[in-house]
Amino acid sequence: MTRHIEIIEPGSLTLVEDLGRVGHLAVGVGRAGAADVGSYRLGGRLVGNVDGAAALEVTFGGLRLRAHGEVVVCLTGAPSPADVDGRVQAHATPFTLRDGQVLSLRMPLSGLRTYVSFRGGLAVPTVLGSASTDTMSGLGPEPVRAGQVFGIGQRTEGLPHVDHAAVAPPPSGTVELAVLPGPRRDWFAEPERLAQAEWIVSGRSDRKGLRLDGEPIERHTEWRDIELPSEGMVRGAIQVPPSGLPVLFLNDHPVTGGYPVIGVVRSAHVDRAAQLQPGQPVRFRWESLHPHRAFPS
């Protein structure tokens with residue numbers, strides 16, 4: 001193995017992720033992949049990777065790794081304070097880790113998931129065309145552990161000659177998410193309450209779904225005691241279980257579900273949701289399927 005990285009400390013949860021497994025929902029295999037797709041793609045572009053190269057997704061910082069050989073690296077997503085052998089390293093800025101140097105990430109001040117992209121990507125075996133870890137099905141690599149070694153791949157494109165990407169960090173206050181009406185919106189007595197209330201991100205959230213605390217949304221009396229047959233689920237779907245507390249599905253969501261879907265968050269805003277920290281407030285904004293028509297209350 002020529003160039004590779006060695007994991008010294010993995011932090012609370014570090015996973016290998018790429019763009020996920022596309023086209024397998026019909027056989028019960030979810031997509032998985034990077035939870036914040038935009039941040040993952042930005043990191044790949046800044047180091048000149050082909051689209052879909054495997055990177056590390058670091059939850060709440062804590063990662064320490066050592067380079068063996070020279071490796072071009074970039075950090076995107078949640079801006080974790082970082083240093084290389086004690087020297088501060090900027091976010092969204094490609095840099096070179098030289099042989100033996102150690103990169104350390106601390107807990108981000110805002111946002112949840114930081115992406116560590118390597119020029120050439122991580123050389124990891126694929127399952128159904130993807131190197132992504134799927135925490136729901138168990139497909140893909142195990143969570144990263146101390147002492148693990150990853151080779152660096154060779155497939156690259158030309159470097160973009162950008163020394164820094166001026167992207168805003170994930171907000172630390174209330175985050176607003178755009179939501180389209182779901183297929184079971186009529187199952188609820190007051191579906192508009194989803195957008196009228198402020199919700200708090202629960203500490204029980206994970207890559208399967210963002211669990212929200214607040215005043216429960218009640219079902220319409222007509223559907224209160226009805227069981228819904230399992231239906232196909234998508235990233236961004238907001239299910240409401242019997243507790244009345246919404247669950248916003250993220251990348252490792254189950255492919256089917258038996259609770260009514262009140263709304264579906266727009267794809268770009270699911271990236272925002274993936275960066276929400278436990279305890280952070282979130283609000284929803286109804287949008288119409290028809291952009292020139294007002295959404296009915």
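Just flag the GluC sites (Glu not before Pro) in segment 216-246 sitting in loop per DSSP whose Cβ has no more than 12 other Cβ atoms within 10 Å.
E227
A simple spin-label model places pseudo-atoms 7 Å from Cα toward Cβ; at D186 and H220 they are separated by 0.6 nm. Per-residue extension of 0.36 nm, minus the Cα-Cα distance of I8 and V50, leaves a gain of 12.4 nm for this segment. Mark the label point 7 Å from the Cα of V102 along Cα→Cβ and return the residues of segment 1-30 whose backbone N is within less than 17 Å of it. Correct set: 5-12.
Taking a probe of 1.4 Å, how large is the accessible area per residue of the chain, in Å²? Could you put the intermediate results ahead of the total?
Numbers: 13540 Å² over 297 residues.
With the other protein chains kept in place, the chain gives 46 Å² per residue.
Taking percent of Cα pairs over 30 Å apart as calculated from this structure, the corresponding entry among (i) 47; (ii) 34; (iii) 54 is (ii). Rounded, prolate or oblate for segment 110-155? Axes are the square roots of the Cα gyration tensor eigenvalues, ordered a ≥ b ≥ c, and the cut-off for rounded is a/c under 1.5. Rounded, since a/c falls under 1.5. The portion of the accessible surface of the chain made up by carbon and sulfur, rounded to a whole percent, is 53 (1.4 Å probe; DNA, RNA and ligands excluded). Rg/Rh, computed from the Cα trace of segment 190-260 with Rh as the Kirkwood radius, has the value 0.95.
Label-to-label distance, E198 versus D83, with points set 7 angstrom from Cα along the beta-carbon direction: 3.6 nm. Taking every C-alpha pair closer than 8 Å and separated by at least 6 residues, the mean separation divided by the residue count of the chain gives a relative contact order of 21 percent. Using the Cβ-Cβ distance between A146 and T256 with R0 = 35 Å, the FRET efficiency computed as 1/(1 + (r/R0)^6) comes to roughly 0.45.
The values are calculated or read from the model by the stated rules, or taken from the named source; none is laboratory data. Source: prediction; values computed, not measured. Every residue, glycine among them, receives a Cβ derived from its backbone with ideal geometry; neighbour counts consider all protein chains shown. SASA here: full protein model, heavy atoms, side chains in, ligands and nucleic acids out. Shrake-Rupley method; radii C 1.70, N 1.55, O 1.52, S 1.80 Å.
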